[in-house]
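Remarks on the structure that follows.
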Amino acid sequence: MENQKTVLVTGSSGFIGSHIVIQLLEKGYAVRGTVRSLDRTDSIKQIISYKAKIDDLSFVECDLTSDNGWDDAMQGIDYVLHIASPIPRTSPKDPNDLIIPATEGALRAVKAAEKAGVERFVMTASTACIVYGYGNTGKTFTEADWSDPDGNDNTSYTRSKTIAEKTVREYIASRESQMSFCTIHPGAVLGPVLEKDYGTSAEIVLKLLKGDFPGIPKMGFPLVDVRDVADLHIKAMEAENVDGERFLCANDFMWIGEIADVLRQSHPQFANKLPTMKLANWMVKLAALFDPVTASVLNELGIRRDCDSSKSKNILNWNPRSNEEAIKATADSLIKQGLV
């Protein structure tokens, strides 16, 4: 294609990254994806080929924890979508196991992109950079808000996302960089799982369908479909006058009990697995002693975190799917992948 633009997608093998690659290819971009090991590329291509032509897809080996490969990866690149960041299913004992690779990895990518003359760098941040450290205030959060990484309702993951975004923004400001930069802030990402290595947030739907919840904990999240996360990244990449902006990428907040209600309607064959009894907070804390996944989300217990994504809708013409559609698509794909 004449004058075809090339996009580097870091973390291209992940849940969000693979959906972004698919949408970029469908729009006619050439895509170069970073992977930690080139051994993974054949399986990624097989996944992508179900949805998009892969003639314009190539891969390079880069790791967030090493300088190797980043300069070469940026050669001939017009735009960077930096998705890569460690997302654990359980919290590490040492928070720096997440904070250091998230922060240093983002800086490596930004510095290499700036050096190569990349036009725009779009970084995947998170609602985690916006909504933590406040407790249960009843506040509706916007892009003007920043999480307090030292607040007691944080995890290692939420701290890593906030610190990484602040560090990159401070670096770019100090350089007076000519490279345009903005951030995307997804909530809990649901939607079609493309392989058995599913996204972390899909764990909620998987556990509900498998009957792993003995009852309904008072926990919830602002939700979003992965296809809409990919769409917003590309819209931000293509738009004019977004330098320095932050864009929330989340629909309405939903409690886990409300997610279970949606599944009860959309997948009645699993009704006997879905919990109906409400769990007292002390019971959830007790369960967390034996379940590392539950322990990693105890900070969500009883706290409602509402977000206002009207800026993304108004400026970037973002029109996300409903939470109900995202939940149903997650369940359908988990079943298709044989995970339920």
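The values are calculated or read from the model by the stated rules, or taken from the named source; none is laboratory data. The structure presented is a predicted model; accordingly, all values stated were derived computationally and were not measured. Every residue, glycine as well, gets a Cβ built from its backbone with ideal geometry; the counts of neighbours run over all protein chains shown.
Only one of the numbered conditions (1) loosely packed, with under 15 Cβ neighbours inside 10 Å; (2) under 24 Å from Ile234 (Cβ atoms) is not met by Cys307, and that is (1).
Taking the conditions exactly as written (buried (at least 22 other Cβ atoms within 10 Å of the Cβ) and among the hydrophobic types (A, V, I, L, M, F, W, C)), does Ala173 satisfy them or not? No.
Determine which member of the set Asp63, Asp78, Asp71 is closer than 24 Å to Thr200 by Cα and of a type outside the set (A, V, I, L, M). Break it down into steps so the answer makes sense when it comes.
Details: Asp78 fails: closer than 24 Å to Thr200 by Cα; Asp71 fails: closer than 24 Å to Thr200 by Cα.
Going through Asp63, Asp78, Asp71 in turn, just one is closer than 24 Å to Thr200 by Cα and of a type outside the set (A, V, I, L, M): Asp63.
When Asp94 is tested against (1) in contact with a strand residue (DSSP E or B) (Cβ under 7 Å, 6 or more places away or on another chain); (2) surrounded by fewer than 16 Cβ atoms within 10 Å (Cβ to Cβ), only condition (1) is not met.
Assess whether Leu208 counts as being over 30 Å from Asp145 (Cα atoms) and crowded, with 18+ Cβ neighbours inside 10 Å. Yes, satisfied. Of all the numbered requirements in (1) in a loop (DSSP other than H, G, I, E, B); (2) at pLDDT 95 or above, Arg264 misses one, and that requirement is (1). When we screen Leu107, Leu57 for residues that are in contact with a Lys or Arg (Cβ under 9 Å, 6 or more places away or on another chain) and not aromatic (Phe, Trp, Tyr), the only hit is Leu57.
The residue list Leu289, Leu274 contains one member that is surrounded by 18 or more Cβ atoms within 10 Å (Cβ to Cβ) and either free of Cβ contacts under 8 Å to residues at least 40 places away in the same chain or touching a Lys or Arg at 6+ places or on another chain (Cβ under 6 Å) (or both), which is Leu274.
For region 1-94, which helices (runs of 4 or more DSSP H) that fit wholly inside it have 1 or more residues that are modelled with pLDDT of 90 or more?
Those helices (runs of 4 or more DSSP H) span 15-26, 70-73.
Total residues in region 274-324 satisfying the condition of being under 30 Å from Arg246 (Cβ atoms), at pLDDT 85 or above, assigned to a helix (DSSP H, G or I) and of a type outside the set (Lys, Arg): the figure is 8. Hey, could you check region 54-75 for residues that are more than 23 Å from Asp231 (Cα to Cα), in contact with a strand residue (DSSP E or B) (Cβ under 7 Å, 6 or more places away or on another chain) and not charged (D, E, K, R) and say which is surrounded by the fewest Cβ atoms within 10 Å (Cβ to Cβ)? Top of the filtered list is Gly69.
Taking the criterion of being of a type in the set (Asp, Glu) and closer than 13 Å to Ile99 by Cα, the only residue of region 151-195 that qualifies is Glu165. Checking each residue in region 236-252 for being of a type outside the set (Gly, Ala, Ser), crowded, with 20+ Cβ neighbours inside 10 Å and not in a loop (DSSP other than H, G, I, E, B) picks out Met237, Arg246, Phe247, Leu248, Cys249. If the condition is being out of contact with any strand residue (DSSP E or B) (no Cβ under 9 Å at 6 or more places or on another chain) and of a type in the set (Val, Ile, Thr), then region 23-53 contributes only Ile47.
Residues being touching a helix residue (DSSP H, G or I) at 6+ places or on another chain (Cβ under 8 Å), among the hydroxyl-bearing types (Ser, Thr, Tyr), buried (at least 17 other Cβ atoms within 10 Å of the Cβ) and in contact (Cβ under 8 Å) with a residue 24 or more places away in the chain are entirely absent from region 261-268.
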